[in-house]
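Structure first, then comments.
The values are calculated or read from the model by the stated rules, or taken from the named source; none is laboratory data. Keep in mind that this is a model prediction, so the values were computed, not measured. Positions of Cβ are backbone-derived with ideal geometry, glycine not excepted, and every protein chain shown enters the neighbour counts. These area figures cover heavy atoms from the full protein model, side chains too; ligands, DNA and RNA do not enter into them. Shrake-Rupley method; radii C 1.70, N 1.55, O 1.52, S 1.80 Å.
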Amino acid sequence: MLKNKKILIAGLANKHSIAAGIAQAMHEQGAQLAFTYQSERLKKNVEKIAAELGSDMLFECDVASDESIKSMFIELSSHWPTFDGFVHSIGFAPANELEGNFVDAATREGFQIAHDISSYSFTAMAKEAKPMLNKDSALLTLTYLGSVQSLPNYNVMGLAKASLEANTRFLAAAMGPDGIRVNAISAGPIKTLAASGVKNFRKMLTNYANRAPLRRVVTTKEVGNVAAFLCSDLASGVTGEITYVDGGFNTAAMSIEEYAD
Ligand code: 0WD
């Protein structure tokens, strides 16, 4: 599906990351991959995963900094003058925002950081990538159900994800005339580094598996397969969409077991 496509993946932290499942699936579909890593701390992990997928293209990029984003794309352009899209699998909010009562936990600073790193960074990357993107490119981000329904502890990340989903639609409108598609996958909960920052995450996984029509949580590879499709020309008519890969959880208000006497 992705033969001859050059795709940049941002947000790989370790082998459990959703970005790892996406990279694996895209590699299987024939994509050439490049990766960003947030800091030296994560470089070794990313290097190892990239090597397994036949890539030695790694670039440091902290999306909190416009300079860092800019220099990453300049470096990338010396290898790939043009490319076919990127995956934005990045989210962050300070840990003290992701615990307890939303009103009590919310701060102006935490709100700004969450929206900056988890939503604005998608626009910032699109802005710098734009001159290098081929026609028929695709951009993809990762969101979560907390954007449209409240749930405990997710707090300000829910607001940031709502912003990210609107961002997806506005980017799609802005870039569509150039033939560039922009989509998001709303993934079910998966045990990753970022998820461990959400209090009682394990309970959320159990609850999810009990209610989801498929009666289980999804894997990073299942998210990756849909990501590969959305970034391929098979999805050439799809843009501005939020596609759920969550075992159907968002479609079920209650499971049969929950309703039983
Ligand atoms: O249940 C889940 N795991 C779900 C995650 C369900 C639905 C959506 N998502 C989203 C997350 O919100 C995020 O947007 O998927 C995306 C990827 O998250 P992940 O794979 O669950 O988490 P992880 O493996 O931790 O990767 C996220 C990475 C960071 O890792 P850590 O945990 O070290 O913060 O985002 C990157 C970083 O590598 N990241 C940044 N990259 C560049 N600049 C920055 C930054 N400033 N901040 C975080």
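Surface composition of region 207-246: carbon and sulfur make up 54 percent of the accessible area, probe 1.4 Å.
Among Ala227, Ala174, Ala23, the largest mean-square fluctuation in a Gaussian network model of the chain, built with springs joining Cα atoms closer than 10 Å, belongs to Ala174. Computed over protein heavy atoms with a 1.4 Å probe, the accessible surface of region 161-261 works out to 51 Å² per residue. Taking the protein heavy atoms of region 33-144 in the context of the full set of protein chains, the accessible area attributed to carbon and sulfur is 50 percent at 1.4 Å.
Computed from the Cα positions only, the extents of the chain along the three principal axes stand at 62, 39, 37 Å, in decreasing order.
The magnitude of the dipole of region 84-236, with charges of +1 and -1 set on the Cβ of Lys/Arg and Asp/Glu and taken from the Cα centre, is near 560 debye.
Positive end of the dipole of region 69-195 (Cβ unit charges, origin at the Cα centre): among Asn155, Val182, Leu193, the Cα lying farthest that way belongs to Val182.
Note down the relative contact order for region 76-121 as a percent, whole number, built from C-alpha pairs under 8 angstrom at least six residues apart.
Here the relative contact order equals 41 percent.
If you look at the Cα atoms of region 216-261, you get an Rg and a Dmax of 14.6, 49 Å. The ellipsoid that matches the Cα gyration tensor of region 149-261 has semi-axes, each √(5λ) in whole angstrom, of 28, 17, 13, with the longest given first. In the context of the full set of protein chains, region 11-94 has a per residue accessible area of 45 Å² (1.4 Å probe). Once you reduce region 199-261 and region 61-124 to the center of their Cα atoms, the two points are 24 Å from each other. Relative contact order of the chain: 21 percent, from C-alpha pairs under 8 Å at least 6 residues apart in sequence.
For region 1-149, with only Lys/Arg (+1) and Asp/Glu (-1) charged at the beta-carbon, what is the dipole magnitude about the Cα centre, in debye rounded to 20? Walk me through the numbers before you get to the answer.
Values: 13 positive and 18 negative charges, 102 e Å.
Dipole magnitude for region 1-149 comes out near 500 debye.
Across the options Leu33, Ile69, Ser89, the greatest Cα extent toward the positive end of the charge dipole of region 1-154 (unit charges at beta carbon of Lys, Arg, Asp, Glu) belongs to Leu33. With N as its number of residues, region 118-215 has a Cα radius of gyration that, divided by 2.2 N^0.38 Å, comes to 1.25. Projected onto their three principal axes, the Cα atoms of region 55-163 cover extents of 48, 26, 24 Å, largest first. Helical content of the chain, expressed as a calculated mean residue ellipticity at 222 nm, amounts to -12000 deg cm²/dmol (DSSP H runs of 4 or more residues, -39,500 (n - 2.57) each, divided by residue number, nearest 500).
Ordering Ala138, Asn101, Ala13 by the projection of their Cα atoms onto the charge dipole of region 1-142, which places +1 on the Cβ of Lys and Arg and -1 on the Cβ of Asp and Glu, puts Ala138 at the extreme positive end. Under the convention that each Lys and Arg Cβ holds +1 and each Asp and Glu Cβ holds -1, the size of the dipole of the chain around its Cα centre is about 380 debye. As a calculated quantity, the FRET efficiency between Asp116 and Glu60 at R0 = 25 Å, using C-beta atoms, amounts to about 0.85.
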